[in-house]
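The structure is given below, and queries will be raised subsequently.
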Amino acid sequence: MLNRLRGAFDPYILLLLGTVALASWLPARGGFAQAAEGAANAGIVLLFFLHGAKLSREAIIEGAGNWRVHLSVFAATFMLFPLLGAGIAAIPGLPALVASGMLFLTLLPSTVQSSIAFTSIARGNVAAAVCSASFSNIVGLLVTPLLAAMLMHGQGASLSAASVEKIAGQLLLPFVVGHMARPLVGGFIARNKGLVGYVDRGSILMVVYTAFSAAVVGGLWHRLPASQLALVLGLCAGLLGLVLAATWGLGRAMGLPRADAITLLFCGSKKSLASGVPMAGVLFAPAQVGVVILPLMLFHQIQLMACAVIARRLASADGD
């Protein structure tokens, strides 16, 4: 069991925690804060360009016909999760900062890389996972801001003309351009996966640093004590457990083949850190972003650890 947990733990979470610690001790201020924000914005543009360029059109076409799986993943991601998030946010006595972060977490699209990876490990339908996860991310660029504007208007989320323009220019346009440029850059990306990975993760770390710097300058750790951090951790674990049980049960109730049920399980239970961090930066005031993405960072690690163990067990059961 210890070896399994070691394999499930993503070293990237240490970098995220280190970035939060750095922002807490040495937050960006003044001119440096403006420069850091500019670098973070440039990194996000590059990040979404790479995401678009990595998207395989052939794999999407291959898995596109499995509409029952795709609709189920969409329902889990953008209906079940938000309903649970709204329920959590309505818990009497729940601190407002915790409620906001938990609700925003549930509005995000699914991940791409980890959904596909865990589906493959568990011997699920990889082609359908590529299609479902990619579709979730593309649709999420539009659906997540709309849901946030509807459900979180009183908690600081704003879908103004300026934010729509920023989402289109900073997230959607680079994604589309990257995908169109795939014939030109796809080979380079395939040959340099390590370098692309550094750019991918480095962009997120930069955004996390700028977000938490602004939050720390605004008094984050005076407003969010250790007891509330523990509460967020417990809520994230409970939320993931509920969705894992619901998606697996839905797959069985629908009579999906085992491979498709596995795809639904992993694609329908994830939330994307790569999409969530830049979206929070667009939708919320700078001082709020660090608070809003904290539950997402915790949920990210919990989902990786839990799904790594589940994927291995499903693979072992399939081989029996």
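The values are calculated or read from the model by the stated rules, or taken from the named source; none is laboratory data. Quick caveat: nothing in here was measured; it's all calculated off a predicted structure. Virtual Cβ from ideal backbone geometry, glycine too; neighbours counted across all protein chains shown.
Identify all residues within segment 41-67 that are outside any helix (DSSP H, G or I) and either modelled with pLDDT of 85 or more or not small (G, A, S) (or both); write none if there are none.
Selection gives L55, N66.
Which one of F135, F104, F118, F175 is farther than 23 Å from V243 by Cβ and either part of a helix (DSSP H, G or I) or modelled with pLDDT of 90 or more (or both)?
One residue alone meets the criteria, F175.
Any idea how many residues of segment 105-137 are crowded, with 19+ Cβ neighbours inside 10 Å and within 14 Å of A274 (Cα to Cα)?
So the answer is 13.
For segment 262-295, what are the residues that are touching a helix residue (DSSP H, G or I) at 6+ places or on another chain (Cβ under 7 Å) and either within 19 Å of G124 (Cβ to Cβ) or not in a helix (DSSP H, G or I) (or both)?
Those that are touching a helix residue (DSSP H, G or I) at 6+ places or on another chain (Cβ under 7 Å) and either within 19 Å of G124 (Cβ to Cβ) or not in a helix (DSSP H, G or I) (or both): I262, T263, L264, L265, F266, C267, G268, S269, K270, K271, S272, F284.
Take the residues in segment 150-171 that are surrounded by fewer than 22 Cβ atoms within 10 Å (Cβ to Cβ) and at pLDDT 85 or above; name whichever of them is nearest to M305 (Cα to Cα).
L151
Sticking with this structure for a sec: Of all residues in segment 210-241 being of a type in the set (A, V, I, L, M) and at pLDDT 95 or above, which is surrounded by the most Cβ atoms within 10 Å (Cβ to Cβ)?
Checked segment 210-241; the qualifying residue surrounded by the most Cβ atoms within 10 Å (Cβ to Cβ) is L239.
Continuing with this model, one more query. Would segment 67-74 turn up any residue that is crowded, with 22+ Cβ neighbours inside 10 Å, in contact with an Asp or Glu (Cβ under 6 Å, 6 or more places away or on another chain), under 23 Å from C307 (Cα atoms) and in contact (Cβ under 8 Å) with a residue 24 or more places away in the chain?
yes
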